[in-house]
Amino acid sequence: MQNHVVKHPNSPSRRSRALFVLGVLVVYALALVPLYRVLGSQAITFSILPVAAAGWLLGMGPAILMSLLAFLVNVLLLALIIHNPDEVIEVFHRGGLLGSIMVMLVGTIIGQFHDLHERLKREYNERKRAEERLREANAQLQAALKAREEMLQNVSHELRTPLTLIKGYAELWKEGMLGPLTPAQEKAAAILNSQCDRLRYMIDRLILIQTLSTTSLRETQVDLNRLLQEAVQAWQAHAEKEGIQLSLELPSHLPPITGDRNLLSHVIYNLLDNAIKFSPDGGAVSVCARLEDGELLITVSDQGIGIPPDKLEQVFERFYQVDGGSTRRFGGMGIGLALCREIIQLHGGRIWAESEGDGRGSAFHIRLPLRTPPPGTASQCAASAQQPPSGQPGPVRG
């Protein structure tokens, strides 16, 4: 990208300014003789005119040079007028030399103001160019992001139709409606159906994260006790199969909240999926909830691979993975936690993660506001959750 210095159409060039200053010096030189005959040595102070013009239009260096040039003009013209070197020296003794020094000082000060003004103007122009480049880069980034979002949405929708056909034939094959199956074919059909379901789930999540908005919420009164119990029960068999101890801790009563039950269930299911997936054999995953400061606090904690502290703010970004190794080992597209954050924010809540680092496990916290806060309920969560910094949504794994 080329940088163009934009000049005002009426701004004079440095060459024209220099010619103007020399013109002022010539006018002064022509006027010095009659001025000297009227004012005497005080006429020398009029040399401030070309010096000031040089300082204001060209800067401090040219002002000093002009003051020296004006001094030489004074000496030469006075020598031509007076014809007596001793009398010329006497003129400068009577004040001409002091006046010349004062002219130089004034020119220097004016030149410094000019240099300061020019430097500020250059910095302003550079800042304006930088802002323009930033606006252009931001516009290009927004266009690229929009194109990516549209591409993802279009691709997701286009994948649904062939996937539906594949799923249909896979089910027909699995059910033996296309002919008898051998044990090996039955196993292959089961795997094919399972992978079709997994792919459909991933496509649905891609579409959901593109279309999620406040207008898509179907708000009802949500029983958090029942929602959490159903989520834990749904994952209990899978956790036992993976050698994970899954537990649930709830107070005697949690008040209902207003929200989209399906989307809130999606958040809990995603956090449990992550917790079990990233936990080692023999590990433990716990879910607990409580009331705190007029809000509902839900925590899903595990003893898994953990999150580096410097990655806690990034795991909620779309398509972000902590590292390529985790991606290849555990799979995933890196949109689960981004989707969780957007769902919780649509409900006016916050979500964030805590971890002491690699191999130290993680805890994911959700705060949801109560429309009508009920009286406080005693906490039954073993671990306390720190609130994220004010104004910042918390992060999580993807």
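The values are calculated or read from the model by the stated rules, or taken from the named source; none is laboratory data. Values in this document were obtained by computation on a predicted structure and should not be read as measured data. Reconstructed Cβ throughout: ideal geometry from the backbone, glycine too, with neighbour counts over all protein chains shown.
For the reader, a short list of remarks on this structure follows.
- Checklist (1) over 24 Å from residue 269 (Cα atoms); (2) part of a helix (DSSP H, G or I); (3) of a type in the set (A, V, I, L, M) applied to residue 190, failing item: (1)
- Among the residues of the range 276-298, those identified as on the phi > 0 side of the Ramachandran plot and free of Cβ contacts under 8 Å to residues at least 40 places away in the same chain are 282, 293.
- Taken together, the residues in the range 200-241 that are assigned to a helix (DSSP H, G or I), hydrophobic (A, V, I, L, M, F, W, C), surrounded by 15 or more Cβ atoms within 10 Å (Cβ to Cβ) and modelled with pLDDT of 80 or more amount to 7.
- Annotation: of all residues in the range 276-318 being out of contact with any helix residue (DSSP H, G or I) (no Cβ under 7 Å at 6 or more places or on another chain) and charged (D, E, K, R), the one that is nearest to residue 344 (Cα to Cα) is 295.
- Residue that is touching a residue at least 24 places away in the same chain (Cβ under 8 Å), within 20 Å of the chain's Cα centre (by Cα) and surrounded by 11 or more Cβ atoms within 10 Å (Cβ to Cβ), where the choices are 118, 149, 132: 149
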